[in-house]
Amino acid sequence: MSGAAANSHRALRVLLVEDSPRIADRVRDLVEAEAGAEVVHVSQDEPDAIKAAREYDADVMILDLQLRDGTGFGVLHALGDQRPTTIIMTNYSQPQYRAKAKALGIEFFLDKSQDFERLADILATIDRERSA
């Protein structure tokens with residue numbers, strides 16, 4: 001990569017949709033400190049997540065399924081194909097939710113209790129692919 005191209009590379013922009021402030025803080029810390037990405041907005045409910053996805057130029061959306069008002073699947077249905085690369089990160093990792101996510105073309109599905117540490121690697125992979 002030339003010097004000019006290397007200097008033009010911006011940090012991966014992440015929209016975080018998570019209704020638990022404690023978990024949102026933990027995810028933000030991981031995204032920014034370990035993955036070197038930028039959280040551009042945190043949404044706690046479906047209406048704000050839909051608005052934010054349309055307003056912010058995010059490369060990635062980290063999406064919880066159960067929100068204060070609405071669901072992650074509601075966000076996905078509202079956005080259709082006009083959504084950033086999506087990582088579902090949820091406590092609801094049962095097969096029926098995984099199957100629904102796969103049918104919607106979701107790129108990554110993580111269980112918060114088991115897969116949290118995979119997030120930084122996934123973001124790094126997305127960033128590399130975006131830069132290629």
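The values are calculated or read from the model by the stated rules, or taken from the named source; none is laboratory data. Given the structure is predicted, the values throughout are model-derived calculations rather than measurements. When we count neighbours, we look across all protein chains shown, and the Cβ atoms used for this are built from the backbone with ideal geometry, even at glycine.
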Could we say that Leu12 is modelled with pLDDT of 95 or more and under 21 Å from Ser113 (Cα atoms) here? no
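What are the residues in segment 105-121 that are under 22 Å from Leu79 (Cα atoms) and touching a Leu at 6+ places or on another chain (Cβ under 8 Å), if any? Spell out how you get there, then give the answer.
First, the residues of segment 105-121 that are under 22 Å from Leu79 (Cα atoms): 105-110.
Passing the criteria: Ile106, Leu110.
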List pairs: first residue in segment 42-60 and touching a residue at least 60 places away in the same chain (Cβ under 8 Å) and on the phi < 0 side of the Ramachandran plot, second residue surrounded by fewer than 20 Cβ atoms within 10 Å (Cβ to Cβ) and β-branched (Val, Ile, Thr) anywhere in the structure, Cβ distance under 7 angstrom, at least six positions apart or on different chains. Asp59/Thr85; Val60/Thr85
